[in-house]
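Written below as structure tokens is the structure these notes are about.
Readers should treat all values here as calculations from the given coordinates under stated rules, not as data from a laboratory. Keep in mind that this is a model prediction, so the values were computed, not measured. Neighbour counts are summed over all protein chains in view; Cβ atoms, including those assigned to glycine, are modelled from backbone coordinates with ideal geometry.
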Amino acid sequence: MNRPVLISAIAVLAACAAMAAHGQSAVAALDPTAGNSAKGTIGFEQRGDKVFVDAKVSGLAPGAHGFHVHEKGDCSSSDGMSAGGHFNPTAKPHGNPASAEHHVGDMPALVADASGNASFQGELAPMSVGAGVTDIVGKAVIVHKDADDYATQPTGNSGARVACGVIRKR
């Protein structure tokens, strides 16, 4: 193999490795359900065996709100119920995403400030973007009216759905 071809091959491999390190990404644009004003954007990026989540939501009541990936990518109903239940392909109980036992779709609470704005950034597992049984692409993100108690099965007693968005690959 001649030297220029070898250098080109190494450069191509390095570029591919850099692209793979960033992984697959997806986004959900949240729209309010009937009678609510919550809206925002949730970004998802695969980083190794975890997914980095970047959420920005406005129009919420101050305080904590349940925040989950739901099983169906359908936000067509005015109350968000068309999104189905929590995404749970591994048949785990509902729980805090900081514990080992929880739905794939369980995420930490969104906490809105006095102006109704909430943000979250963090890495979650075992969800994935673009591959496998835990793939969230094509599912929906729901923000709920109330805080998640992380105990009540199967939903966490988070109340009504105030915003819904379908997760789409970028």
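Work out the length of the dipole vector of the chain about its Cα centre, built from +1 on the beta-carbon of each Lys and Arg and -1 on the beta-carbon of each Asp and Glu, and round it to the nearest 20 debye.
Taking the Cα centre of the chain as origin, the dipole is about 600 debye.
Mean-square fluctuation check for the chain, GNM, Cα pairs under 10 Å: which of Val69, Val141, Val53 is largest?
Comparing Val69, Val141, Val53 in a Gaussian network model of the chain, the most mobile one is Val53.
Determine which residues of region 57-79 fall in the zone a paramagnetic label at Ser99 would reach in this model, i.e. backbone nitrogen under 18 Å from the point 7 Å along Cα→Cβ.
Correct set: 66-69.
Given a cut-off of under 8 Å on Cα pairs at least six residues apart, what relative contact order in percent is computed for the chain?
Reported as a whole number, the value is 28 percent.
Which of Leu110, Gly165, Gln24 sits closest to the plus end of the dipole of the chain, meaning its Cα is farthest towards the positive end, when Lys and Arg get +1 and Asp and Glu get -1 on the C-beta?
Farthest along the dipole direction, towards plus: Gln24.
Could you tell me which of Ala125, Ile142, Pro97 has its Cα farthest along the dipole of region 93-170 towards the positive end, charges placed at Cβ (Lys, Arg +1; Asp, Glu -1), taken about the Cα centre?
Ile142
Give me the distance between the Cα centres of region 39-109 and region 133-159, rounded to whole Å.
5 Å
Taking the chain as the reference, fit the longest principal axis to its C-alpha atoms, fit the long axis of helix 3-22 to the helix C-alpha atoms, and give the angle between the two in degrees, 0 to 90, nearest 10.
Taking Cα atoms only, the helix is inclined about 10 degrees.
Once you order the gyration tensor axes a ≥ b ≥ c over the Cα atoms, which shape class does region 24-169 get: rounded for a/c under 1.5, otherwise prolate or oblate by comparing a/b with b/c?
Rounded shape, in that the Cα axes give a/c under 1.5.
Below 8 Å between Cα atoms, with a sequence gap of 6+, how large is the relative contact order for region 77-170 in percent?
Computed over region 77-170, the figure is 27 percent.
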